[in-house]
Amino acid sequence: MGVLVGERRLITAALPYINNIPHLGHIVGSHLPADIFARYCRLKGYDVLFVGGSDENGTPSELAAEDLGVNLNEFLDKMYEEHKRIYDWFCISYDNFSRTSRKIHHETTQEFFKKIYENGFISVGKVKSFYCEKDKRFLPDRYVEGRCSKCGYEHANADQCEKCTALLDAEQLINPKCKICGSAPIIKESEHLFLRLDKLSNRLEKWLRENKHWRPQVINLALGWIKEGLKPRCITRDLKHGVKVPIEGFQDKVFYVWFDAPIGYISSTKEKKPNTWEKFWKDKNTKIYHFLGKDNIPFHTIFWPAMLMANGEFNLPYHVVGLQYLTYEGGKFSKSQKRGVFCEKLPKTGINPDIMRAYLTFLIPETADTEFKWTDFQAKINSDIIGNYANFINRTLSFIYNKLGGSIQRPPESEFTSSDKELMKSVRKK
């Protein structure tokens, strides 16, 4: 089928942290629904680019490498290969699955930031950060764990609670502990750069209210942030690993991972389409679709659009498809508790990837959390997939045998009526 004139779609799945192996919840939370939509768009004849990549900067990968006692770059290379192997096994049809550790991403992020800086949406301020006196270092948010002041979850990180998705400041974490040594860190001030979300609040609210095709839970969560009042948000961290800040006085800092990660959508596009990438980000005939889990909704409905507005050169997302969570046999996925299906083991099971994709498609948590159960997997595959498909084939063959003498012959063109031709044209179009 030819490309529809003027129709172009850029599709992204949230960049996964590369500090661990993805489980089935990660697959149904972004990669699989994005892939299904990309395949549909290609069949419809749109000019489609489906991009993603591994999120390798920031503390998650640094902390994981330290825990294992291995070189960070070796760890990142190994984990990237493992993630790529898993998505290939699931037949996720990425046009490009890139890495935020690549030079093209670092350069793209720095260029993107410089434009925001020149446009006056960056300010300097002091941040109260955790500092471990025993280890003599500032602690990135993922190096600190404590109780969430919003919901009481005992294993919240210093920047965000994974249970209630609330974003936290250092002083909001109760009973914090250093993940390196286990001691209680103190709070010290450090100078950082901030994105002026407050200056963009009115534009963000107007844009959000115009997106009436978004799911209610996505738009309501985003508007809730606006109602609470947007404040300048810190975009830098005292780390060695990451994208270096390219302005005087801040060269010893790197960009906070929430800032550089979504720019990975742009750098992945540039890597795949070095000569035509701007068509997918600046041409008004392109629609951008982001697929992600609900913990990522604030970043893609508030922070990322604010970054794009502040930069001023790129299209805003057309659709932010925020999905809920997948649970496993009555509980959350947990590697430490050995609960769930972690995807590195799937290729060894002998399960056909299409079978697993089919069942997970039933479970995509579009508006509410869903649950993976092996008994349900067995029943759905046997009845809805194998049973229904076999029944369809049997009925089709029986009809051909009983009604058409066992063969199908295409009528000559002269026998087609105008209605026949219109029907065939309509079928091809759909």
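The values are calculated or read from the model by the stated rules, or taken from the named source; none is laboratory data. Just so it is clear, the structure is predicted and the values come from calculations on it, not from any experiment. When we count neighbours, we look across all protein chains shown, and the Cβ atoms used for this are built from the backbone with ideal geometry, even at glycine. Side chains are part of the model used for accessible areas, which takes the heavy atoms of the whole protein and leaves out ligands, DNA and RNA. Shrake-Rupley method; radii C 1.70, N 1.55, O 1.52, S 1.80 Å.
So the values come out like this:
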{"quantity": "Residues that are more than 30 Å from Arg357 (Cβ to Cβ) and in a helix (DSSP H, G or I), drawn from region 386-423", "calculated": "Tyr401, Asn402, Lys403, Glu413, Ser414, Glu415, Ser418, Ser419, Asp420, Lys421, Glu422, Leu423"}
{"quantity": "Tally, over region 330-366, of residues that are in a loop (DSSP other than H, G, I, E, B) and either within 22 Å of the chain's Cα centre (by Cα) or under 30 Å from Trp214 (Cβ atoms) (or both)", "calculated": "8"}
{"quantity": "Helices (runs of 4 or more DSSP H) completely within region 249-301 that count 1 or more residues being open to solvent by 50 Å² or more (accessible area, probe 1.4 Å)", "calculated": "263-272, 277-281"}
{"quantity": "Failed item in (1) in contact with a strand residue (DSSP E or B) (Cβ under 8 Å, 6 or more places away or on another chain); (2) crowded, with 21+ Cβ neighbours inside 10 Å, with Pro305 passing the rest", "calculated": "(1)"}
{"quantity": "Residues of region 57-107 that turn out to be among the aromatic types (Phe, Trp, Tyr) and out of contact with any strand residue (DSSP E or B) (no Cβ under 9 Å at 6 or more places or on another chain), as a count", "calculated": "3"}
{"quantity": "Given (1) touching a Ser or Thr at 6+ places or on another chain (Cβ under 8 Å); (2) hydroxyl-bearing (Ser, Thr, Tyr); (3) under 18 Å from His319 (Cα atoms), index of the condition Tyr256 fails", "calculated": "(3)"}
{"quantity": "All helices (runs of 4 or more DSSP H) inside region 10-113 with 1 or more residues being β-branched (Val, Ile, Thr), closer than 25 Å to Gly340 by Cβ and open to solvent by less than 20 Å² (accessible area, probe 1.4 Å)", "calculated": "59-68, 72-89"}
{"quantity": "Contacts under 7 angstrom Cβ, first residue in region 18-39 being within 18 Å of Ala261 (Cα to Cα), partner β-branched (Val, Ile, Thr) and assigned to a helix (DSSP H, G or I), 6 or more apart", "calculated": "Pro22/Ile86"}
{"quantity": "Complete set of residues in region 161-206 that are under 28 Å from the mean Cα position of the chain (by Cα), among the basic types (Lys, Arg) and within 26 Å of Asp67 (Cα to Cα)", "calculated": "Lys163, Lys179"}
{"quantity": "Pick from region 114-160, criterion in contact with an Asp or Glu (Cβ under 7 Å, 6 or more places away or on another chain) and part of a helix (DSSP H, G or I), ranking: least open to solvent (accessible area, probe 1.4 Å)", "calculated": "Asp141"}
{"quantity": "Candidate set from region 390-420 (those that are over 28 Å from Lys380 (Cα atoms) and β-branched (Val, Ile, Thr)); member that is least open to solvent (accessible area, probe 1.4 Å)", "calculated": "Ile400"}
{"quantity": "Residue tally, condition open to solvent by less than 60 Å² (accessible area, probe 1.4 Å) and not hydrophobic (A, V, I, L, M, F, W, C), over region 168-197", "calculated": "7"}
{"quantity": "Ile235 vs. criteria aliphatic (A, V, I, L, M), more than 28 Å from Ala65 (Cβ to Cβ) and either in contact with a Ser or Thr (Cβ under 6 Å, 6 or more places away or on another chain) or open to solvent by less than 40 Å² (accessible area, probe 1.4 Å) (or both)", "calculated": "no"}
{"quantity": "Top-ranked residue in region 367-386 [being farther than 16 Å from Leu24 by Cβ and open to solvent by 80 Å² or more (accessible area, probe 1.4 Å); ranked as nearest to the chain's Cα centre (by Cα)]", "calculated": "Thr367"}
{"quantity": "Among (1) touching a strand residue (DSSP E or B) at 6+ places or on another chain (Cβ under 8 Å); (2) farther than 20 Å from Phe113 by Cβ; (3) of a type in the set (A, V, I, L, M), the one test that Ile219 misses", "calculated": "(1)"}
{"quantity": "Test: residue in region 94-103 that is closer than 22 Å to Asn315 by Cβ, of a type outside the set (S, T, N, Q) and over 14 Å from the mean Cα position of the chain (by Cα)", "calculated": "yes"}
